[in-house]
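Taking it in order: structure first as structure tokens, then the write-up.
The values are calculated or read from the model by the stated rules, or taken from the named source; none is laboratory data. The shown structure was predicted, so the numbers you read here are calculated from the model rather than taken from an experiment. No Cβ is skipped: glycine too gets one built from the backbone with ideal geometry, and neighbour counts run over all protein chains shown.
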Amino acid sequence: MIRLQDGPKEMSQASKSEPIQVITDFEEFIQLVDYSLMNNLNADPESSMDGDDHSPRQVRSGHFVTVTTQPIENPTYVIHSKTLFKELGLGEQLAVNEDFQKLFSGDISVSRKPMRPFGWATGYALSIYGTEYNQQCPFGNGNGYGDGRAISVFEGIFKGNRWEMQLKGAGPTPYCRGADGRAVLRSSVREFLAQELMQALGVPTTRSLSLYVSKSETVRRPWYSENSISTEPDILVEDPVAISTRVASSFLRVGQLELFARRARKTNNPEQLEELRLIISHLIEREYRNEIDPDLEFEMQLIRLAQLYQERLSSLMADWLRIGFCQGNFNSDNCAAGGFTIDYGPFGFCENFDPHYQPWIGGGEHFSYFNQPLAAEANYQMFWKAIRLILIDNTLALEQLDKVFYDFKKKTTTITQNMWASKLGLDEYNHQLFMRLVDLMMSTTVDFTIFFRELSYLPHDLSTLRKSFYDKIPQQLEVEWQNWIQDWHDQLNPNNDHAEISRKMKLVNPKYIWREWLIAPAYEQAKLGNFALIKELQEVFSDPYNEQSQEIEAKYYRLKPEKYFHFGGISYYSCSS
């Protein structure tokens, strides 16, 4: 059934008579289905008709393969996103609705018309810093690389907006490369909470819908023993399997465009070029339809697409740096073509400030915290190379497209510098002042989040900022800090009210952020059936910029204890999930 709710109090008088429709019944939910991807793009011609396609194989053409999901055993509800449910117009009771729970814990057999009894997975290519790779493909040619355990099961229109819902851990696909297609509770909790936090921080991201865990099914994964200081995982852990559902306007990646561009270049086959054109058109429709005039010639639509994606990707990099986020593995396949954060695998948040921070043991410095704009530029290069193929016979359009690409670094630098200025409360970026601050923070060992939050109170001395320091500092460093604080105050606009400067700084400098040593107890307790801490973290993360209770502040707004600095699974971790 559809339950009617009164609308917000601030609605106009005319709107007050129009109640908001809230979907509380699974039958009404499935009526919203609308398969734009499967209807408008090409299925792999070798794909099975019934979706029984779970073994590694080559996928030589087509934009997707149909595949059925494999439900986890004895699923139980863990948590759902209240924020996203409200945005989609879903009643919260849907999260524990029997059929809804079955579908989003991997049992697609509950689907009925107009739904289809199978989901879909997509292939994509891999490049790292602009270098194409096929080594991860078991066939050595890229035809086996793609969504190995991510299966989309629903695409529909909610309140006028299109959303795609994708299960992570619902069994293997043809791209699984021999893996079991499962996700463990630990990684599922991390992804669910990270997406909730990023949304509340105002950073473009895939979204969390729901999380269910099996009460009986487990898998063995390498992980770290308690208090381990080993770099690599040192034990095998029996972990419960779980399925988290992530939601986005689409899951189109730079790597997907890259895959079809590679095929078109390699074969010089018009059909492959047409598949590239189709997926680019689909990207425009899914992610840029409100910003690109469909009446423009297609070549001009591509120029506009390149401009818009450049803006989105550059802004995303500035946001990542602003909050101390490090993706850890920013390949082209982990780069959403819609310009938002995707794939929360080996991610982390910089606590003690370090430009070279890298949470993933396999990531390397090239994907470290301050190097992420460079990785983004390399991913943008692969995006540019892909759409450039469509314009190869149009010299004028190519010149315009190339100019957009060559401007990427300059635009990203400008956006990033403006971000640092806003974190410092300045009207304009001051490079010398900023670099002095970076040097001082590195010399002092400073908590990134606490420092900028305390700076938002516009202190005139070190007294409040000491809260962010991990160690006592020598007298000479104190003098340097005091000189920097004075020079910073001199740069603040004297015509602006200091209370207003402080207020604006607090809007870009969050108080509450991800701290792995506070997340780990949540997923460890969840393994024992206690989900209370997950829900508490969700509440804290829902309001990261504002003051919360003294109890929450004492628990979540504090320095990382020294003992956690070198613990595997806390300060660094493998990609095992």
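Only a single item in (1) touching a helix residue (DSSP H, G or I) at 6+ places or on another chain (Cβ under 8 Å); (2) free of Cβ contacts under 8 Å to residues at least 24 places away in the same chain is not met by LEU401, and it is number (2).
Those strands (runs of 3 or more DSSP E) of region 1-98 in which 3 or more residues are more than 20 Å from TYR145 (Cβ to Cβ) and at pLDDT 95 or above occupy 75-80. Of all residues in region 169-186, those satisfying the criterion of being of a type in the set (D, E, K, R) and either surrounded by fewer than 24 Cβ atoms within 10 Å (Cβ to Cβ) or in contact with a Leu (Cβ under 6 Å, 6 or more places away or on another chain) (or both) are ARG177, ASP180. Figure legend. Inter-residue proximity from region 466-494: first residues part of a helix (DSSP H, G or I), second residues surrounded by fewer than 15 Cβ atoms within 10 Å (Cβ to Cβ) and charged (D, E, K, R), beta-carbon distance below 8 Å, spacing 6+ or different chains. Indicated pairs: GLN482/ASP461; ILE485/ASP461. The condition (being over 23 Å from the mean Cα position of the chain (by Cα), free of Cβ contacts under 8 Å to residues at least 24 places away in the same chain and surrounded by fewer than 22 Cβ atoms within 10 Å (Cβ to Cβ)) is satisfied by just one residue among GLU238, GLU217: GLU238. Residues that are basic (Lys, Arg) and either within 19 Å of ARG286 (Cβ to Cβ) or part of a strand (DSSP E or B) (or both) within region 125-169 comprise LYS159, ARG162, LYS168, listed in sequence order. Condition check for GLU226 on (1) of a type outside the set (Val, Ile, Thr); (2) assigned to a helix (DSSP H, G or I); (3) not assigned by TED's automatic domain parsing to the domain that holds ASN334: one failure, at (2). For region 293-322, the set of residues classified as under 13 Å from GLY338 (Cβ atoms) and among the hydrophobic types (A, V, I, L, M, F, W, C) consists of LEU305, LEU308, LEU313, LEU316, listed by residue number.
Yes/no matrix, rows are residues, columns are (1) farther than 29 Å from LYS560 by Cα; (2) part of a loop (DSSP other than H, G, I, E, B); (3) at pLDDT below 95; (4) among the hydrophobic types (A, V, I, L, M, F, W, C):
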site: GLY339; (1), (2), (3), (4): yes, yes, no, no
site: GLY362; (1), (2), (3), (4): no, yes, yes, no
site: HIS366; (1), (2), (3), (4): no, no, yes, no
site: PHE383; (1), (2), (3), (4): yes, no, no, yes
site: ILE390; (1), (2), (3), (4): yes, no, no, yes
site: PHE405; (1), (2), (3), (4): yes, no, no, yes
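Of all residues in region 353-373, those satisfying the criterion of being surrounded by fewer than 20 Cβ atoms within 10 Å (Cβ to Cβ), in contact with a Phe, Trp or Tyr (Cβ under 9 Å, 6 or more places away or on another chain) and in contact (Cβ under 8 Å) with a residue 60 or more places away in the chain are ASP354, PRO355, ILE361, HIS366.
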